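Notes to accompany the following structure.
The values are calculated or read from the model by the stated rules, or taken from the named source; none is laboratory data. Model, not experiment: these values are computed from the prediction. Quick reminder, even Gly has a Cβ in these numbers, built from the backbone with ideal geometry, and neighbours come from all protein chains shown. Note: accessible area is taken over every heavy atom of the protein model, side chains too, but ligands, DNA and RNA are not part of it. Shrake-Rupley method; radii C 1.70, N 1.55, O 1.52, S 1.80 Å.
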Amino acid sequence: MHPTTPSGSPVASSDSARVTRTRYRLGESSTARWRLLIDAAAMLADGGARPAALSTVLGKALAFLALDDGVLLQAQDDGLFVRAAQGPVTPAGARVTPTHTLLAAMQHSQQAALVRQDVVSALRIGRERQAGLEVLVPLRFDDKNRGILALLGGAAAVPPNAEDLVTLQALATLLASVLAASSQAARAAAPDPAAVRTLLTPRELQVFALLPSGMTNAEMGQRLGIATGTVKVHVERILHKLDLGDRTQAAVRAADFGFGA
């Protein structure tokens, strides 16, 4: 028996198939949204603000929107630090100077994401800085700006719909809470500046002071007149002596102590 409309007339088979496909797509989209939040919550509960956990969550957010490039930025007193990165963007551990667009994204009302199409992105590096789609989601927790989840694609792409944006805002809240807890724990356990000067050698202090600048090991080596590999060793020793998880945390700690100003 063929389906009918409310008036009793038969529904064309093509219309019925279209309705079925639409329902399937909506169901798949809803499942994808829940899966993103469930997976991210599990990953962050287990890994916290460790680089591997943050990178995995960033990758899942990109896959959700079918985009390729992304950056997770954490706000600090004097800028934004990259906690995770994927694609030709500012690398993890680097400091990003807040641009007008990034500041606008962080100050967007009600945690709303800033969606831009066909723009030049301040987060992409190299010759091709054009982004077909850029989605900037503010990381807010306890009414404070914690940073930005930036998702980008070089080619033109369909922007996220309202339900997608709500999902990304929920994900951003999860990330913000983890980053906030990590920062509080790090500060509580941090040695004071006088203790750091005692713990680190003079050369390690020089490297430590350069970390907030976002320089690579090669750039720091050139500045200090030492080999890139030697800088890497100094960074590893700094992380060990100060009980820090990665160079981003070290950069934040150095900035807190007034280095790199």
* From A209, A218, A181, A170, which residue is part of a helix (DSSP H, G or I), under 17 Å from L239 (Cβ atoms) and hydrophobic (A, V, I, L, M, F, W, C)? -> A209
* Asked: Among the residues of the stretch 210-244, which ones are open to solvent by 50 Å² or more (accessible area, probe 1.4 Å) and either of a type in the set (K, R) or under 18 Å from D192 (Cα atoms) (or both)?
  -> R223, K232, R237, H240, K241, D243
* **Residue identified as over 24 Å from R146 (Cβ atoms), open to solvent by less than 20 Å² (accessible area, probe 1.4 Å), more than 24 Å from the chain's Cα centre (by Cα) and touching a residue at least 60 places away in the same chain (Cβ under 8 Å) among V207, V196** => V196
* Name the residues in the stretch 96-130 that are touching a helix residue (DSSP H, G or I) at 6+ places or on another chain (Cβ under 6 Å) and either in a strand (DSSP E or B) or open to solvent by 80 Å² or more (accessible area, probe 1.4 Å) (or both), would you? -> L114
* To do: Determine whether the stretch 107-119 contains at least one residue that is under 23 Å from R50 (Cα atoms) and modelled with pLDDT of 90 or more.
  => no
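Each row is one residue, and each column tells you yes or no for (1) under 19 Å from R146 (Cα atoms); (2) assigned to a helix (DSSP H, G or I).
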site	(1), (2)
L36	no, yes
A45	yes, yes
S55	yes, yes
A63	no, yes
G70	yes, no
Q74	yes, no
F81	yes, no
